[in-house]
1. Ignoring ligands, DNA and RNA, what percent of the accessible area of the chain is carbon or sulfur (1.4 Å)?
2. Of [x] 64, 32, 15; [y] 41, 31, 9; [z] 45, 19, 10, which is the value of Cα extents along the principal axes in Å derived from the coordinates here?
3. Run the numbers for Asp21 and Glu40: contour at 0.36 nm per residue of separation, minus the present Cα-Cα distance, in nm.
4. Averaged per residue, what accessible surface does the chain expose to a 1.4 Å probe, in Å²?
Amino acid sequence: MPSHFFVILGYLLDDTIKSNDDVERYLGLSTLALVPLTTEETDKKKSRKKSDKKKK
């Protein structure tokens, strides 16, 4: 039960900007363009997710 508290607390305290909507919402600025992830970056993220699932 206490672990649920920490997960929810971490979610609520996460103030990172993840999308262009977040930029407009938090900073009041519009974005001109987005820089896409390279295939290497997406592969790294996928492999991290797979390794995280294996650990559980």
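The values are calculated or read from the model by the stated rules, or taken from the named source; none is laboratory data. Fair warning: this is a prediction, and the values are worked out from it, not measured in the lab. Please note that ligands, DNA and RNA were not included when accessible areas were found on the heavy atoms of the full protein model with its side chains. Shrake-Rupley method; radii C 1.70, N 1.55, O 1.52, S 1.80 Å.
1. On the way: 3520 of 5840 Å².
Answer for the chain: carbon and sulfur cover 60 percent of the accessible area.
2. Evaluating Cα extents along the principal axes in Å on these atoms matches [y].
3. Working: separation 19, 0.36 × 19 = 6.84 nm, distance 2.49 nm.
Extra length from Asp21 to Glu40 when fully extended: 4.4 nm.
4. On the way: 5840 Å² over 56 residues.
Accessible surface, normalised per residue, equals 104 Å².
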